[in-house]
Amino acid sequence: MPSHRIRRGALALLLCLLALAGGAWWALAAALPDTFYTTGSAQALRIASLPWVTVQEPPAEVEQAGRTGADKSQNVTLALFGTIPLKTVRAVTVQERSVQVCGTPFGVKMFSDGALVVAFSDQYTALGTENPAKEAGLKLGDLIVSAGGRAVRSNEELSAAIAAAGGAPLSVVYRRGGQQHTTALTPVQDAATGAYRAGVWVRDSSAGIGTMTFLDTLHGTFAGLGHAISDSDTGADIALLSGEIVPVTVTACIKGTAGSPGELRGEFSAAAAGSVLANDAAGVYGRYSGAQAGQACPVAQPQQIALGDAEIWTTVSGREARRYTVRIERVNMTSSDPNRNLLIKITDPDLLAASGGIVQGMSGSPIVQNGRLVGAVTHVLVNDPTRGYGIFASTMLQKADAVAP
């Protein structure tokens, strides 16, 4: 083979290797957040899930120049094996926090701040089949907040506004995707009953079972679920008007199988244990007034979470949480969806025998590793109920702090 062909082949191989290395470098740098919160010094920053990434030691004069008494943060360079720079990040020193980790079931009763559109129903009139709500441009998941100048927070209030219009157009204010809109809706007269109808079904409340993640006794608040409560028909998050939590006794656990998520079933207590103050994408939060519970654990920062063995604390029978073994398979510190920062797999044979894995009602079950609260279960993989996603506990603590009095 001519030498120039060998050289060209070697050059092409070298370029391919460089491209692969560049892609891997970029992917690793992209997996690192811009800011880390640490309870120790910035130079001691370690990433448990990426042990080969460490802080690059800065020159002595640069290190001294960056330190001030008032500034509790500084820039550090993270490097592959401490030598190949990947990304400069901000390391912020914070105080370690502890909470009471629970894993116990609780019931959530919520009333929405408006009437949620969950279905349409065509009306039979003297002119044929009509649907005023659809003609007005309403869609499933819209939240009707007023009609005919009247505030709407229930099905009864919407019906009263429609009846009062007497067939005349009425102004309907609704929210969709965080934006408020106004439309004109003209009720039609039902041919059989003579009553005026809008051709829409709405829901104004919701109730379900979830798992308490932790109590913050410092502020008297609770955190649970790890995701928002949404309407079962439309998937829309419920806009909170008011709500309460109550203790629950789990009476049955329906096992999950591939393609068919299981569920916890239970009995609600009559005694309220707290009030709901926020129905957030990161969970349900509020003021706690029930009996003290749980075990004190420090809250881990995302970089303290390692791949490997951990526990979830959850309840599949009665009221008492048990600890079950799981494996953390992925830690995603830069995910745009906070509900999918962790990927876990149930490994405990007792839990697999009882539930088949993660089932509905386990959302909020705390994930504990090395004595620290690292996260909470949020979702199950429908085609593999032994696996599911989780949210960082530090994210939930930030949300709990936001509703604290």
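The values are calculated or read from the model by the stated rules, or taken from the named source; none is laboratory data. Please read these numbers as outputs of a predicted model, since none were measured by experiment. Here the Cβ positions follow ideal geometry from the backbone for every residue, glycine too, while neighbour counts run over all protein chains shown. We work out accessible area using only protein heavy atoms, side chains counted, and drop any ligands, DNA or RNA first. Shrake-Rupley method; radii C 1.70, N 1.55, O 1.52, S 1.80 Å.
Just round it to a whole percent: the fraction of Cα-Cα distances in segment 341-405 exceeding 14 Å. Working shown, then result.
Numbers: 1232 of 2080 pairs.
That fraction is 59 percent.
Please report the carbon-and-sulfur percent of the accessible area for segment 166-244; probe 1.4 Å, protein heavy atoms only, DNA, RNA and ligands left out.
Ligands and nucleic acids excluded, carbon and sulfur give 47 percent.
Have a look at 366, 338, 105 and tell me which one the Gaussian network model of the chain (Cα, springs below 10 Å) gives the largest fluctuation.
338
Which number comes out as Rg/Rh for segment 191-259 once both Rg and the Kirkwood Rh are worked out on C-alpha atoms?
1.12
If you build a Gaussian network model of the chain, linking Cα atoms that sit under 10 Å apart, which residue out of 98, 363, 171 swings the most?
Fluctuation is largest for 171.
At 0.36 nm per residue, minus the direct Cα-Cα distance, what do residue 265 and residue 97 gain on full extension? Give it in nm, one decimal, please.
Difference between extended and current length: 57.2 nm.
What is the Å³ per residue value for the convex hull set by the Cα atoms of the chain?
Per residue, the Cα convex hull of the chain comes to 238 Å³.
If you wrap segment 293-358's Cα atoms in a convex hull and average its projection over all directions, what's the area in nm²?
Computing the convex hull of the Cα atoms and averaging its projections yields 5.3 nm².
Distance in nm between label sites at residue 41 and residue 156, each 7 Å beyond Cα in the beta-carbon direction?
About 6.6 nm, to one decimal.
Run the numbers on segment 95-243 and let me know its relative contact order in percent, using alpha-carbon pairs under 8 Å that are six or more apart.
Working: 312 pairs, mean separation 52.9, N = 149.
Rounded, it is 35 percent for segment 95-243.
With springs only between Cα atoms under 10 Å, which of 353, 29, 228 fluctuates most in a Gaussian network model of the chain?
Answer for the Gaussian network model of the chain: 353.
With r as the distance between the Cβ atoms of residue 281 and residue 184 and R0 = 51 Å, compute the FRET efficiency 1/(1 + (r/R0)^6) and round to 0.05.
0.95
Spin-label point model (7 Å from Cα, Cβ direction): what's the residue 404 to residue 353 distance in nm?
Going by the 7 Å Cα→Cβ label model, 4.2 nm.
What is the extension gain from residue 122 to residue 217, computed as 0.36 nm multiplied by their sequence separation minus the C-alpha to C-alpha distance, in nm to one decimal?
Separation in residues times 0.36 nm, less the Cα-Cα distance, equals 29.0 nm.
Out of the total accessible area of segment 256-311 (probe 1.4 Å, heavy atoms of protein only), what percent is carbon and sulfur? Kindly include the intermediate steps, with their values, before the conclusion.
On the way: 1220 of 2510 Å².
That fraction is 49 percent.
Using C-alpha positions alone, give me the convex hull volume of segment 274-405 per residue in cubic angstrom.
Measuring per residue, one finds 115 Å³ for the Cα hull of segment 274-405.
What percent does the relative contact order of segment 79-172 come to when contacts are Cα pairs within less than 8 Å and at least six residues apart? Mind dumping the intermediate values first?
Details: 73 pairs, mean separation 20.7, N = 94.
Computed value for segment 79-172: 22 percent relative contact order.
If you average the sequence gap of Cα pairs under 8 Å that are 6 or more apart and divide by the length of segment 268-310, what percent do you get for the contact order? Could the numbers behind the result be given before it?
Details: 26 pairs, mean separation 11.8, N = 43.
About 27 percent, as a whole number.
Given a Förster distance of 30 angstrom, what is the FRET efficiency for residue 296 paired with residue 241, based on the Cβ-Cβ distance and rounded to 0.05?
0.35
Put 313, 52 in order of accessible area, largest first, 1.4 Å probe: what do you get?
52, 313
Roughly speaking, what is the stretch gain from residue 27 to residue 73, that is 0.36 nm per residue apart minus the C-alpha to C-alpha distance, in nm to one decimal? Could the numbers behind the result be given before it?
On the way: separation 46, 0.36 × 46 = 16.56 nm, distance 2.56 nm.
So the chain would gain 14.0 nm between residue 27 and residue 73.
Quick one: accessible area per residue over segment 170-298, 1.4 Å probe, rounded to a whole number of Å²?
45
Would you mind computing Rg(Cα) / (2.2 N^0.38 Å) for segment 145-235, counting N as its residues? Show your work: numbers first, answer last.
Details: Rg = 18.5 Å, N = 91, 2.2 N^0.38 = 12.2 Å.
Dividing the Cα radius of gyration by 2.2 N^0.38 Å gives 1.51.
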